[in-house]
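Q: Take this structure, written in structure tokens, and hold onto it; I'll ask about it next.
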Amino acid sequence: MFLCMALLILCIECMILSVVIITRNEGHIIGNTLQSLQGLTDDIVIVDSGSTDDTLDICARYGTKIITTDWGGYGPNKNKGIAAARYDWVLSLDADEAIDCILREFLLNTGLHDDNMVGNIRFRNFYRNKEIRFGEWSGDKHVRLFNRKRVSWNDAAVHEALVFPAGTVTVMLKGSVLHYTSNGLEDLITKTIHYARLNALKYHEQGKQAGFFKLRLSPGFNFIKYYLFKLGFLDGWEGFLIARTTAWYTFLKYSFLQEMNKNKDT
């Protein structure tokens with residue numbers, strides 16, 4: 001009898017929170033993310049923009065709610081998931097972001113009663129299976145828990161941000177999101193080019209220019225900043241790789257921007 005009551009209470013607690021995840025060809029990692037969410041909620045919303053691998057098969061096996069849509073940008077696609085969620089409280093994750101046991105237990109045992117509250121969460125970032133403790137990937141924190149009646153994503157296609165109304169109270173949550181950023185060098189290169197192009201397009205639409213400093217000096221400055229000043233070298237060869245990739249990303253971003261601006265003028 002006691003066990004049945006305990007399970008009932010747990011079930012009631014887990015029904016106040018929805019999880020929203022956007023996906024596209026995430027079959028290599030989405031199972032790990034969904035496994036970490038088991039017992040947390042009965043409402044996991046997947047917003048998929050054209051997966052051609054086994055992403056949707058894996059999501060279906062976990063009993064998620066699947067929405068298929070065109071790619072409208074990170075912000076708009078996340079908002080589609082929020083609109084389809086069953087509950088007002090939303091935990092927003094990317095497909096390569098699992099939660100640790102501490103965060104899971106905290107969410108299960110914390111009452112969500114103040115609609116003005118948003119939850120800031122520490123991120124532990126991994127390259128393959130190695131945690132990166134220094135450099136650009138260190139010290140990450142992001143607000144990912146919020147009430148959709150007051151908070152939503154902006155319409156940015158990349159580097160989307162949550163829009164907070166006046167009176168919002170930010171609370172640091174216990175536990176971490178485990179962010180498995182890349183499963184290897186090829187994946188890291190692909191993502192770097194993808195985000196550099198998207199960010200260049202964003203800058204282009206904002207009318208920004210790629211001057212000499214940004215194109216020629218910023219990449220080297222970022223390498224020194226993250227590899228030396230932020231101690232990226234303490235992460236070994238992975239720290240060097242990440243710092244070099246950050247410098248390359250900066251160069252690519254402004255190169256793409258320069259090209260877009262030139263094409264606009266011709």
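Q: Please state which of the following conditions Gly73 fails to meet, knowing it meets all the rest: (1) closer than 25 Å to Leu198 by Cβ; (2) surrounded by 21 or more Cβ atoms within 10 Å (Cβ to Cβ).
A: Evaluating Gly73 over (1) closer than 25 Å to Leu198 by Cβ; (2) surrounded by 21 or more Cβ atoms within 10 Å (Cβ to Cβ) leaves (2) as the failure.
Q: While we're here: Looking at Leu40, Leu56 in this structure, which one is assigned to a helix (DSSP H, G or I) and either in the same structural domain as Ile82 (by TED's automatic domain parsing) or under 19 Å from the mean Cα position of the chain (by Cα) (or both)?
A: Of the residues listed, the single one that is assigned to a helix (DSSP H, G or I) and either in the same structural domain as Ile82 (by TED's automatic domain parsing) or under 19 Å from the mean Cα position of the chain (by Cα) (or both) is Leu56.
Q: A further question on this structure: What tally of residues in region 150-185 results from selecting those that are more than 20 Å from Trp89 (Cα to Cα) and either at pLDDT 95 or above or not in a loop (DSSP other than H, G, I, E, B) (or both)?
A: Residues flagged as more than 20 Å from Trp89 (Cα to Cα) and either at pLDDT 95 or above or not in a loop (DSSP other than H, G, I, E, B) (or both) within region 150-185 amount to 6.
Q: Let me ask another. Does any residue of region 87-99 turn out to be surrounded by fewer than 16 Cβ atoms within 10 Å (Cβ to Cβ), modelled with pLDDT of 95 or more and hydrophobic (A, V, I, L, M, F, W, C)?
A: No, region 87-99 has no match at all.
Q: In region 109-141, which residues are part of a strand (DSSP E or B) and either in contact with a Phe, Trp or Tyr (Cβ under 6 Å, 6 or more places away or on another chain) or of a type in the set (S, T, N, Q) (or both)?
A: Val118, Asn120, Asn125, Phe126
Q: For region 59-78, how many residues meet the condition of being within 10 Å of Val20 (Cβ to Cβ) and either of a type in the set (A, V, I, L, M) or over 14 Å from the mean Cα position of the chain (by Cα) (or both)?
A: Qualifying residue count, region 59-78: 2.
Q: Please find, among Tyr227, Tyr254, the residue that is surrounded by 16 or more Cβ atoms within 10 Å (Cβ to Cβ) and more than 19 Å from Ala196 (Cα to Cα).
A: From the options Tyr227, Tyr254, the qualifying one is Tyr227.
Q: Give the residue, chosen from Gly167, Gly175, that is of a type in the set (Gly, Ala, Ser), surrounded by 15 or more Cβ atoms within 10 Å (Cβ to Cβ) and assigned by TED's automatic domain parsing to the domain that holds Tyr127.
A: The match here is Gly175.
Q: So which of Val158, Val171 is without any contact (Cβ under 8 Å) to a residue 60 or more places away in the chain and touching a Gly at 6+ places or on another chain (Cβ under 8 Å)?
A: From the options Val158, Val171, the qualifying one is Val171.
Q: Among the residues of region 195-218, is there at least one that is free of Cβ contacts under 8 Å to residues at least 24 places away in the same chain, charged (D, E, K, R), more than 30 Å from Ile29 (Cα to Cα) and not in a strand (DSSP E or B)?
A: Scanning region 195-218, I find at least one residue that is free of Cβ contacts under 8 Å to residues at least 24 places away in the same chain, charged (D, E, K, R), more than 30 Å from Ile29 (Cα to Cα) and not in a strand (DSSP E or B), so the answer is yes.
The values are calculated or read from the model by the stated rules, or taken from the named source; none is laboratory data. Remember, it's a predicted structure, so these values are computed and weren't measured experimentally. Quick reminder, even Gly has a Cβ in these numbers, built from the backbone with ideal geometry, and neighbours come from all protein chains shown.
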